[in-house]
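Everything below concerns the one structure shown next.
The values are calculated or read from the model by the stated rules, or taken from the named source; none is laboratory data. This is a predicted model, so every value here is computed, not measured. When we count neighbours, we look across all protein chains shown, and the Cβ atoms used for this are built from the backbone with ideal geometry, even at glycine.
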Amino acid sequence: MISCGSDDSKSSGPVVEDNFIRGADMSFLPEIEQSGYVYKNGTGQPEDALLTLKKAGVNTIRIRLWKNPSTPHSGMAEVKALAQRVKARGMKVWLTVHFSDTWADPSQQAVPAEWAGLNLQQLTDQAMLYTANVLAEIHPDIFQIGNETNTGFMYPLGNLVENEAGYLQLVNGISATIRQNAPDTKIMIHYAGIADSADWFFNKITDVDYDYIGLSYYPVWHGKSLANVQTKMHQLGQAHNKKVVIAETSYPFTLGWNDLTNNTIGTQDQIIPSYPATPDGQKSYMLDIRNIAKNAGMGFCYWGTEWVAFRGAEATNGSAGENLALWDFEGKALPAMDTFYK
């Protein structure tokens, strides 16, 4: 259940489970806070970023976990501490377990270096042991098996295209471990995009035990029609009898920049014309994303929520998405925060 943190939670009457996911990925937060950056609420007052999100209506925080990263960021200790803060704020924890030491997405799905050279059974055993440990340490409400696993994960043995049986063995082993160790934890499988290839992917995992279909949707890569997003969510949900979540999306509030790190989005041709790159345009986009998620799924999650230019205006290794964050260049919460209302 979601704790309100107010006297309202003590009122009489039935308590209704808040199952519609209103999520924000906050994986960069510990690193940004360590830099000394100060987030502010909508009135410009300094405030814990998690509290600002909670007040806005966010009920779920998404956090990525890497196996053995080259720095402490996104490692077990940091993620566990952040998850504890999230729970203390009365929000749910959605853990994105990459099963890699670094970014995992359609362009790369490297097996953790510690597991390189293992055979399939050994890799399955290690992945299951690791999963059990993650569950014991963090107790997530949602466990996402891999990140944007369009063609599998933990290459080469988990490559769905080249080793379908290997991928299915790994996913089934991880899923079974979650069911055994944390029966209340929901399992998500994550795909990037809304193309017809999504049907191919989810048809391959028909016999896998999972709860949620997660989809990434970014207009620059996945098309500029929100109607197509809703159609694909409907199709997948009905075809596989699963709840569908927009697991990642974002939109610019400006095409400007606040550091010298190249931004992912910075030109007019990358955005949807009916949603200008302004604070109001960002909010309008997210309101429509929310409505689509309500109509065709069970939730949505913003990515890069907190990814401000925390290393300063001259940084070439700062944020590639400060113009996509939900805090502006002065650190003030943007109007798009209003779209998380309950």
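Go through the stretch 225-279 and report how many residues are among the β-branched types (Val, Ile, Thr), in a helix (DSSP H, G or I) and surrounded by 15 or more Cβ atoms within 10 Å (Cβ to Cβ). Of the residues in that region, 1 qualify.
Of all the numbered requirements in (1) surrounded by fewer than 20 Cβ atoms within 10 Å (Cβ to Cβ); (2) in contact (Cβ under 8 Å) with a residue 60 or more places away in the chain; (3) of a type in the set (A, V, I, L, M), LEU324 misses one, and that requirement is (1).
Considering the stretch 275-312, and only residues there that are small (Gly, Ala, Ser) and in contact (Cβ under 8 Å) with a residue 40 or more places away in the chain, the residue that is farthest from THR231 (Cα to Cα) turns out to be GLY312. Considered as a group, the residues in the stretch 59-68 that are closer than 15 Å to LEU29 by Cβ and in contact (Cβ under 8 Å) with a residue 60 or more places away in the chain include one that is nearest to the chain's Cα centre (by Cα), and that residue is ARG62. Taken together, MET286, MET337, MET298 contain a single residue that is out of contact with any helix residue (DSSP H, G or I) (no Cβ under 8 Å at 6 or more places or on another chain) and modelled with pLDDT of 95 or more, which is MET298. Counting only residues that are part of a helix (DSSP H, G or I) and without any contact (Cβ under 8 Å) to a residue 60 or more places away in the chain, which one in the stretch 34-50 is nearest to ASP338 (Cα to Cα)? If we take residues in the stretch 34-50 being part of a helix (DSSP H, G or I) and without any contact (Cβ under 8 Å) to a residue 60 or more places away in the chain, then LEU50 is nearest to ASP338 (Cα to Cα). The requirement of being more than 26 Å from GLN270 (Cα to Cα), touching a helix residue (DSSP H, G or I) at 6+ places or on another chain (Cβ under 6 Å) and not small (Gly, Ala, Ser) is not satisfied by ASP184. Here PHE202 meets each of (1) in a helix (DSSP H, G or I); (2) under 21 Å from ASP25 (Cα atoms); (3) not β-branched (Val, Ile, Thr) with one exception, condition (2).
If you check THR231, THR261, THR254 for being over 18 Å from ILE292 (Cα atoms) and out of contact with any Phe, Trp or Tyr (no Cβ under 9 Å at 6 or more places or on another chain), only one passes: THR261. Could you tell me which residue of the stretch 207-224 is surrounded by the fewest Cβ atoms within 10 Å (Cβ to Cβ), considering only residues that are touching a helix residue (DSSP H, G or I) at 6+ places or on another chain (Cβ under 7 Å) and assigned to a loop (DSSP other than H, G, I, E, B)? Taking the candidates together, the pick is ASP209.
The residues of the stretch 103-137 that are free of Cβ contacts under 8 Å to residues at least 60 places away in the same chain and within 19 Å of ALA81 (Cα to Cα), listed by number, are THR131, ALA132, ASN133, LEU135, ALA136.
In the condition set (1) outside any strand (DSSP E or B); (2) buried (at least 16 other Cβ atoms within 10 Å of the Cβ); (3) free of Cβ contacts under 8 Å to residues at least 60 places away in the same chain, THR71 is compliant with all but (2). Filtering the stretch 131-143 down to residues that are within 20 Å of the chain's Cα centre (by Cα) and closer than 14 Å to VAL171 by Cα, which residue is surrounded by the fewest Cβ atoms within 10 Å (Cβ to Cβ)? That would be THR131.
Kindly provide the set of residues from the stretch 306-342 that are within 16 Å of PHE28 (Cα to Cα) and among the hydroxyl-bearing types (Ser, Thr, Tyr), ordered by number. The answer is SER319, and nothing else.
Consider the stretch 91-127 and keep the residues that are within 17 Å of the chain's Cα centre (by Cα) and outside any loop (DSSP other than H, G, I, E, B). The one that is surrounded by the fewest Cβ atoms within 10 Å (Cβ to Cβ) is ASP105.
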